[in-house]
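Down below is the structure, laid out as structure tokens.
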Amino acid sequence: MKKKIFITVAIDSPAAAGAGTQSKLIAKHYNLFYLDTGKIYRYIGLLRLKNKKSFSFNFIKTKINKLKIHKLNNKNLLSDDVAVSASIIAKQKQVRNIVHQFQQSCAYNPPKKYFGSVLDGRDITSVQLRKAMFKFFITASLETRAKRRFKEYKDLNKEISYLEVLKSIKKRDKLDRTRKYGPLKKTRDSILINTTKLSKKACFKKIKAIMDRKLKN
Ligand code: C5P
């Protein structure tokens, strides 16, 4: 009898490059559990903005230990202020260590109905899932990413200009790429997918072809 394989997909990308969209498509197609790891940092980023006095590593630890996945769907996590707050706290090693456990358990012990997991973030290919079966680095030009994020904010009725979005993404890119712990980088064993000129469908077709080729062997 053929042994059932456990599929792990690791994806890294700068903000608004389309990694979330592709991760969801991959998860749906291959029946994998999807974790948007940025949402965990956003969750902590929001805690920081709302609990200025009690905010500490112990406070974060307690909150993450009892974090339920559905809490990551909170619409308040989608604002630009929360995103910036997330990238500020994400620089700290202690915070990254706390988040690490949560990510590992989602990646390797997803609910039984799934055939594996897909995680996207900044340090997934380089730190979290170094031995993942598939590794992708998804990117797009700064302007394309800012336009996409601006449209998402408009759809959510957020008051923010295109220029503010562009500046904020640029700031986060710098913070995420230059920090000491878990910086955003393309690992040598990750496959580069540039979504600047690709539709969502064309991008997924490319990823699916790569995955199917390996899964058939
Ligand atoms: O992916 P998203 O833009 O929602 O992530 C918000 C912030 O969380 C990022 O700018 C980054 O600073 C942080 N993050 C991280 N490591 C991850 C995922 C997100 O440091 N694996």
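Please go through (1) at pLDDT 95 or above; (2) more than 15 Å from the chain's Cα centre (by Cα) for Gln101 and return the number of the only condition it doesn't satisfy.
The single condition Gln101 does not satisfy is (1).
Any residue that is within 27 Å of Arg177 (Cα to Cα), away from the ligand (no atom under 15 Å from the Cβ), assigned to a helix (DSSP H, G or I) and of a type in the set (S, T, N, Q) - is there at least one of those in region 50-59?
yes
Run down Leu77, Leu67 and say which single residue is under 26 Å from Arg149 (Cα atoms) and either surrounded by 15 or more Cβ atoms within 10 Å (Cβ to Cβ) or more than 15 Å from the chain's Cα centre (by Cα) (or both).
Only one candidate passes the filter, namely Leu77.
Look through Ala107, Ala15, Ala90 and report the one residue that is touching a strand residue (DSSP E or B) at 6+ places or on another chain (Cβ under 6 Å) and either without any contact (Cβ under 8 Å) to a residue 12 or more places away in the chain or within 16 Å of the ligand (Cβ to nearest atom) (or both).
Matching residue, one of Ala107, Ala15, Ala90: Ala107.
With the requirement that a residue be touching a Leu at 6+ places or on another chain (Cβ under 8 Å), surrounded by 15 or more Cβ atoms within 10 Å (Cβ to Cβ) and more than 22 Å from Leu78 (Cβ to Cβ), what does region 159-205 give you?
Lys186, Phe204, listed by residue number.
Report yes if some residue within region 141-151 is within 12 Å of the ligand (Cβ to nearest atom), surrounded by 23 or more Cβ atoms within 10 Å (Cβ to Cβ), touching a residue at least 12 places away in the same chain (Cβ under 8 Å) and not β-branched (Val, Ile, Thr); otherwise report no.
Yes, the conditions are met somewhere in region 141-151.
The values are calculated or read from the model by the stated rules, or taken from the named source; none is laboratory data. The shown structure was predicted, so the numbers you read here are calculated from the model rather than taken from an experiment. Here the Cβ is made from the backbone with ideal geometry for all residues, glycine too, and neighbour counts use every protein chain on show.
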